[in-house]
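What follows draws every value from the coordinates through simple rules; no lab data is involved. What you see is a predicted model; the values in this text were computed from it and never measured. Positions of Cβ are generated from backbone atoms using ideal geometry, with glycine treated the same way; all protein chains shown enter the neighbour counts.
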C-alpha cells in the first residue's frame with residue numbers, strides 16, 4: 001500500500017518565491033558586470049542561474065516524490081559519504097590554489113563541499129535516529145565525531161565558512177537528541193581551537209578577523225606591540241584593504257533606506273561592491289529593495305524554518321524527525337550567516353545566500369536539501 005502524501009504548499013510557495021526573487025536579483029546585480037568586466041551578455045549569469053535553478057527544482061521534486069525512508073539504509077548512507085570524501089580529497093590537488101572547485105570544461109565550476117551538506121544531514125539523521133537511546137555512548141560519540149570532524153577538516157582546509165555552516169545541523173541534531181552537556185562543551189572547545197588554527201593557516205583569513213575586531217593592516221604596522229603580525233600577513237595579496245568589502249556592503253544596504261532605490265538602480269554593483277551577484281548579493285537587495293525587501297526576504301526564510309521545524313514534532317519516525325531538523329537548520333543557518341557577514345555582524349566569509357546568490361552547485365544542492373525536507377513534510381501527517 002502506498003503512503004498518502006500531502007504537499008505543504010506554504011513551504012513550497014516560500015521556497016519558489018525566494019528562488020524567483022533570487023533570479024531577478026542575480027540579473028540585476030550581474031548584468032552590468034557581465035558586460036563590462038567579463039565581456040559577456042547581460043543575461044550571462046542570470047541565464048546560467050535559471051538553468052541551474054531548473055535542474056535543482058527537478059531534483060527537488062524527484063526527492064519530494066520519493067519516500068525518504070528509502071534512504072534509511074547503510075548502503076546509501078556510506079556510498080554517499082564515500083563519494084563525498086573522495087571528491088573533497090581530490091579537489092585539493094585539482095585546485096591547488098583555493099582547494100574548492102573542480103573546473104569542468106564546457107560546464108563550469110563544481111564545488112564538492114556543497115554536496116557534503118545534504119550528505120552530512122542524511123548521515124546524522126540515520127545514525128542519531130538509530131542511536132537515539134544511546135546518544136551519550138562512546139559508540140555514538142566517536143563515530144559521529146570522526147565523520148563530522150573529518151568532513152569539517154577536509155572542507156575547512158579550503159573553505160572555512162562552509163565548514164562552519166556544516167557544524168550547525170550537527171550541533172542542532174545532537175543538542176535536541178539530548179547529548180550530555182560536557183560533550184557539547186568539549187565540542188565547542190575543539191571547534192574554537194580548530195577555527196583558530198584554520199584562521200592562522202591562511203593570512204587573508206587572519207586579516208579579515210583582525211579587521212573585524214578593529215585591527216586594520218595600517219594599525220598593525222603603526223602600533224609597535226602589533227608589528228609582529230606584519231610578516232604573518234604580508235605574503236598574501238588578498239589581505240590588502242580587507243575593510244573594503246564590508247564597508248561597501250554597508251554603504252549598499254544603508255543607501256536603500258526604507259523602500260530602496262529601485263530594481264536595477266544599484267550603484268554599488270557597478271564595481272564598488274565585490275561579489276555583488278554571489279556572496280554579497282544581500283547588499284544589492286538592501287540597496288534596491290530597501291528595508292522592506294530585506295524584511296520580506298527574511299520572512300521567507302523564517303517561513304521555511306517554521307515549516308521545517310514543526311516536522312520534528314510531526315514526523316512519525318526518528319529518521320524523519322532528525323532529517324527535517326538537519327535540513328532546516330542547515331538552510332536557515334547559512335541564510336543568517338550570509339546576512340550577518342553582509343551587515344558586518346560576522347567577519348567576512350564567502351557563504352552564498354541560499355536560493356538567491358549566483359552559483360550552480362550551491363543552488364542545486366540547496367534545492368536537493370529542500371527536496372529531502374519536503375519528502376518528510378509530505379509524509380508527516
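Tabulated results
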| read-out | value |
| --- | --- |
| MRE, 222 nm, helices only [DSSP H, n ≥ 4, -39500 (n - 2.57), over the chain, to nearest 500] | -23000 deg cm²/dmol |
| Among 123-129, 172-178, the order from most to least packed when residues are scored by Cβ within 10 Å on average | 123-129, 172-178 |
| Centroid-to-centroid separation of the range 340-359 and the range 66-87 [C-alpha atoms, Å] | 29 |
| Mean Cβ count within 10 Å, highest first, over the residues of peptides 342-349, 324-331 | 324-331, 342-349 |
| Three-way shape call for the range 1-84 based on the alpha-carbon gyration tensor, with the a/c threshold at 1.5 | oblate |
| Alpha-carbon centroid distance for the pair the range 28-48 / the range 148-193, whole angstrom | 37 |
| Ranking of 378, 67, 279 by count of other Cβ atoms within 10 Å, fewest first | 67, 378, 279 |
| The range 9-378, relative contact order [Cα under 8 Å, separation at least 6], % | 28 |
| Ascending count of other beta-carbon atoms within 10 Å, so fewest first, for 370, 115 | 115, 370 |
| The range 19-54 residues near the modelled residue 267 label - backbone nitrogen below 18 Å, point 7 Å along Cα→Cβ | 29, 32-33 |
| Cα→Cβ-extended label distance, 7 Å offset, between residue 75 and residue 95, nm | 3.3 |
| Rg(Cα)/(2.2 N^0.38 Å) for the range 265-351, N = residue count | 1.32 |
| Packing-based exposure ordering (other Cβ within 10 Å, fewest first) of 73, 99, 277 | 73, 99, 277 |
| Gain upon complete extension [residue 190, residue 61; 0.36 nm per residue less C-alpha separation] | 42.6 nm |
| Percent of C-alpha pairs per 20 Å bin, the chain, short to long | 27, 58, 14, 0 |
| Whole-Å distance, taken between Cα centres, linking the range 238-287 and the range 302-339 | 30 |
| For the range 46-98, convex hull of alpha carbons as volume per residue, Å³ | 96 |
